[in-house]
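Before any comments, here is the structure.
A short reminder: the numbers here are calculations on the coordinates, not readings from a lab. Not measured: the values here are computed from a predicted model. Cβ sites come from the backbone with ideal geometry, for glycine too, and all protein chains shown count toward neighbours.
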Amino acid sequence: MKKIILLGFVILLFVQCNSVKKQNAHYNALIPVSKLQEDVDFTYKKLQQLHPNLYDYITKAALDYKFDSLKTTITTPLKPLGFYKKISPIVAAVRQGHLYVYAPVVQMTKKESKALLNKGIGPFSQFDFEYHNRTLYILNNKSTDSTIQVGSEVIRVNGINTSDLITEHSNYYASDGFNTTFKTRGNKDRFTTFFTIENGIKDSLVYTLKYNDTIENHTIKRFKKETSEKKKEDVIKPKKIAIDHQKDKALRRKKRINGYNQATKDYTRNIRFLEKDSSIAVIKIRGFKNRGYKKFYKETFEKINEYHSKNLILDLRDNTGGRLNEINYLYSFLADTSYIFLDKTQVVSKSSIIAGDYLDKVPFLFKAVKTIVFPLSYTYSFITTHKDMEGNYYQKLMCREQKIKKNAFTSKIYVLINGKSFSASSIIASNLKGSNRATFVGEETGGDYNGTVAGIMPNIELPNSDLKIRMGLMHIVPHYKTTTIGHGIYPDKEIIPTLNDLINKKDPEMNWILNDIKAAIPK
């Protein structure tokens with residue numbers, strides 16, 4: 001039996017290595033003009049077949065013209081990256097934030113990835129960046145070079161102008177509609193991806209930094225933290241400490257319910273109370289994902305009720321979304337009366353969800369399982385998809401009236417938002433805004449007030465370039481909407497942190513709310 005398992009592992013490793021080798025060979029191969037043009041046609045055909053709101057922010061005539069023009073500009077063979085740079089702006093012209101083309105990158109085997117990890121922290125990971133007024137800054141210095149000042153402007157990396165790189169790659173993806181805050185907020189995190197797409201992973205980078213009108217070059221190398229520590233033989237082993245099993249169990253439970261993120265070492269969901277009397281509750285949600293959300297919200301609102309908190313601050317800043325079920329469940333604790341959460345969810349046809357999901361580029365085993373259950377899933381999708389009087393197809397998700405929870409919070413609510421409040425976090429924000437249930441503070445959300453195309457989002461592979469397109473198949477619409485087209489939820493009080501606020505870790509949005517609460521207290 002052990003020999004069989006070992007043989008299976010060897011075969012799997014061999015297949016994986018061959019697959020990586022094949023992908024990397026394709027990455028550097030020129031694709032003929034006719035094949036690239038076939039991929040252009042394939043892309044537009046799939047968008048028309050599967051995307052339910054293709055012409056929300058661009059007319060059909062304008063998008064037809066863009067795809068036709070793209071084909072005429074392809075006159076010489078291109079590598080996948082070159083083709084990506086041509087087709088991505090056309091897909092981005094649809095202006096749907098969940099719809100984009102994945103950039104081709106050089107692949108690594110598991111062995112290579114592990115070796116890279118063992119080499120230590122990369123030269124990008126040693127800094128936290130901020131993109132402010134079209135300029136990239138260092139917000140946190142975690143490198144061994146202590147001469148680098150927080151607040152330094154990053155002019156170039158390896159001779160490449162950072163502003164030019166960000167400006168170029170911003171054309172390759174979209175926000176929802178005509179919103180700009182999504183990109184402004186997101187480019188600080190995407191910059192390292194933009195650089196890696198163009199140049200690959202580096203063990204050493206030369207940063208050209210500007211601070212107080214002084215420009216200097218700093219070479220940052222990959223390093224291991226262990227190199228500055230004592231050798232193993234010199235370390236005195238600490239005495240074994242008895243494990244407090246109750247504390248250990250409580251910690252494991254908190255990690256499960258609050259959604260612990262191992263990579264960032266923080267929790268997806270958090271609750272804290274301000275003031276001695278716990279009169280202000282603050283719920284910070286970094287994303288609507290990660291494990292046991294129902295217990296978290298149930299216990300959180302039990303505490304808020306028990307402590308008689310008079311104000312609730314819901315922090316949705318940098319929350320890029322997640323599960324519909326979770327935001328619906330949370331909303332049942334925030335609404336002050338029975339509610340309808342979503343309007344009808346539009347799809348292209350009775351079969352589009354299953355067809356798109358089946359096209360999803362997934363490992364062979366998952367594909368095999370999908371093939372087996374295909375008749376059942378197709379039948380279910382066919383039965384639950386309906387056609388309205390206008391000829392549009394839709395599904396009913398969370399369209400029925402729902403009751404609020406027993407411990408629903410009925411007092412004053414504030415919601416903190418910014419450009420990275422996207423997708424599901426914008427859906428719940430739309431309903432809170434439309435029902436006049438909360439006061440919003442911050443900046444316009446990155447997600448559209450009137451909904452987004454997401455839900456099931458397969459990765460569809462183009463036949464010749466092997467580029468993959470991520471595409472939402474369901475137009476999810478909140479119950480409350482606005483007449484303003486293509487923009488997010490606007491705050492009641494707009495506050496955008498300055499660079500100095502960010503450097504000094506000040507929170508002007510939260511401070512404004514706390515002052516507003518204090519001003520309302522009778523004297």
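Using R₀ = 56 Å, calculate the FRET efficiency as 1/(1 + (r/R₀)^6) where r is the Cβ-Cβ separation of Lys224 and Lys403; round to 0.05. Intermediate results must be reported in sequence, preceding the final value.
On the way: r = 55 Å, r/R0 = 0.99.
So the FRET efficiency works out to roughly 0.50.
Taking the Cβ of each residue in Val441, Val154 as the centre, tally the other Cβ atoms inside 10 Å and list the residues starting with the fewest. Don't skip to the end; give the middle numbers.
Details: Val441 24, Val154 21.
Placing the least packed residue first, the sequence is Val154, Val441.
Hey, rough spin-label estimate for Ile155 and Thr379, points 7 angstrom out along Cα→Cβ, what's it come to in nanometres?
6.9
Once you put a point 7 Å from the Cα of Ser435 and another 7 Å from the Cα of Asp64, both along the Cβ direction, what distance in nm separates them?
Here the answer is 4.3 nm between the modelled labels.
Could you tell me which residue out of Leu70, Tyr27, Ile87 lies farthest along the dipole of the range 20-101 toward its positive end? Charges go on the beta carbon: Lys and Arg +1, Asp and Glu -1, centred on the Cα centre.
Working it through, the farthest residue towards the positive pole turns out to be Tyr27.
Considering amide H positions built from the backbone, and no H for Pro or chain starts, which residues 5 or more places from Ser423, or on another chain, come under 5 Å of its amide H?
Under 5 Å from the amide H of Ser423 lie the amide H atoms of Gly447, Asp448, each far enough along the sequence or on another chain.
Under 11 Å from the Cβ of Gly186, count the other residues' Cβ atoms, weight Lys and Arg +1, Asp and Glu -1, and hand me the total.
Numbers: positive: Lys183, Arg185, Lys188, Arg190, Lys420; negative: Asp189, Asp318.
So the surrounding residues net to +3.
Quick check on the chain: of the DSSP beta bridges with both residues there, what percent are antiparallel, nearest 5%?
75
Can you return the lysines within cross-link range of Lys254? Criterion is Cα-Cα under 17 Å, with same-chain partners fewer than 8 residues away left out.
Filter leaves Lys265, Lys284, Lys289, Lys294, Lys295, Lys298, Lys303.
Could you work out the helix-only [θ] at 222 nm for the chain, with each DSSP H run of four or more residues adding -39,500 (n - 2.57) and the total divided by the number of residues, to the nearest 500 deg cm²/dmol?
On the way: 15 runs with 204 residues, N = 523.
So the helix-based figure for the chain works out to -12500 deg cm²/dmol.
Quick one: Karplus J couplings for the range 39-52, per residue in order, coefficients 6.51, -1.76, 1.60, θ = phi - 60°, nearest Hz, x for Gly and Pro?
Running phi through 6.51 cos²θ - 1.76 cosθ + 1.60 with θ = phi - 60° gives 5, 4, 4, 4, 4, 5, 4, 5, 4, 5, 6, 10, 8, x Hz.
If a paramagnetic tag sat 7 Å from the Cα of Gln49 along the Cα-Cβ line, which residues of the range 94-118 would have the backbone N under 19 Å from that point?
Those under the cut-off are 99-102.
Using θ = phi - 60° and the Karplus form 6.51 cos²θ - 1.76 cosθ + 1.60, what ³J(HN,Hα) does each residue of the range 502-510 get, whole Hz, x for Gly and Pro?
Ordered by residue, 3J(HN,Hα) equals 5, 4, 8, 6, 8, 10, x, 5, 5 Hz.
Given all pairs of different Cα atoms, what value in angstroms does the Kirkwood hydrodynamic radius of the range 20-101 take?
On the way: mean 1/r = 0.0738 Å⁻¹.
Its Kirkwood hydrodynamic radius stands at 13.6 Å.
Explain nothing, just compute: Karplus ³J(HN,Hα) = 6.51 cos²θ - 1.76 cosθ + 1.60, θ = phi - 60°, for every residue of the range 259-275 in order, whole Hz, x for Gly and Pro.
In residue order, the calculated couplings are x, 6, 9, 4, 5, 9, 6, 9, 9, 5, 10, 9, 10, 9, 10, 10, 6 Hz.
Would you tally the net charge around Lys221, using a Cβ to Cβ cut-off of less than 12 Å, leaving Lys221 out, and scoring K and R as +1, D and E as -1? Before the final figure, lay out each step's value.
Values: positive: Lys119, Lys202, Arg222, Lys224; negative: Asp145, Asp203.
Once all neighbours under 12 Å are counted, the net charge is +2.
Got a sec? How would Ile489, Ile138 order by Cβ neighbour count within 10 Å, fewest to most? Could you put the intermediate results ahead of the total?
Details: Ile489 31, Ile138 22.
Ranking Ile489, Ile138 by Cβ neighbours within 10 Å, fewest first, gives Ile138, Ile489.
What is the spin-label model distance, in nm, from Thr337 to Asp41 if the labels are put 7 Å beyond Cα along the C-beta direction?
5.6
Note the full-extension length gain between Lys255 and Lys396 as 0.36 nm times their separation in residues minus their Cα-Cα distance, in nm to one decimal.
47.4 nm
May I ask you to derive the FRET efficiency for Tyr102 and Ile521 from their Cβ-Cβ distance with R0 = 35 Å, giving the value to the nearest 0.05? Walk me through the numbers before you get to the answer.
Working: r = 52 Å, r/R0 = 1.48.
Computed FRET efficiency for Tyr102 and Ile521: 0.10.
Taking the alpha-carbon set of the chain, what are its Rg and Dmax in Å?
Cα-based Rg and Dmax for the chain come out at 25.5, 79 Å.
Could you work out the local net charge near His475, counting Lys and Arg as +1, Asp and Glu as -1, over the other residues with Cβ closer than 12 Å to its Cβ? Please report the intermediate quantities before stating the final value.
Details: positive: Lys344; negative: Asp56, Asp176, Asp343, Asp448.
In short, -3.
Can you sort Leu316, Leu514 from fewest to most other Cβ atoms within 10 Å of each residue's own Cβ? Don't jump to the answer; show the numbers that get you there.
Values: Leu316 30, Leu514 17.
Going from least to most buried by this count: Leu514, Leu316.
Would you mind checking Lys114/Lys247; Lys247/Lys405; Lys35/Lys468; Lys183/Lys224 for any pair whose Cα atoms are more than 25 angstrom apart? Write down the numbers at each step before the final one.
Details: Lys114/Lys247 33 Å; Lys247/Lys405 31 Å; Lys35/Lys468 15 Å; Lys183/Lys224 33 Å.
With Cα atoms farther than 25 Å apart: Lys114/Lys247; Lys247/Lys405; Lys183/Lys224.
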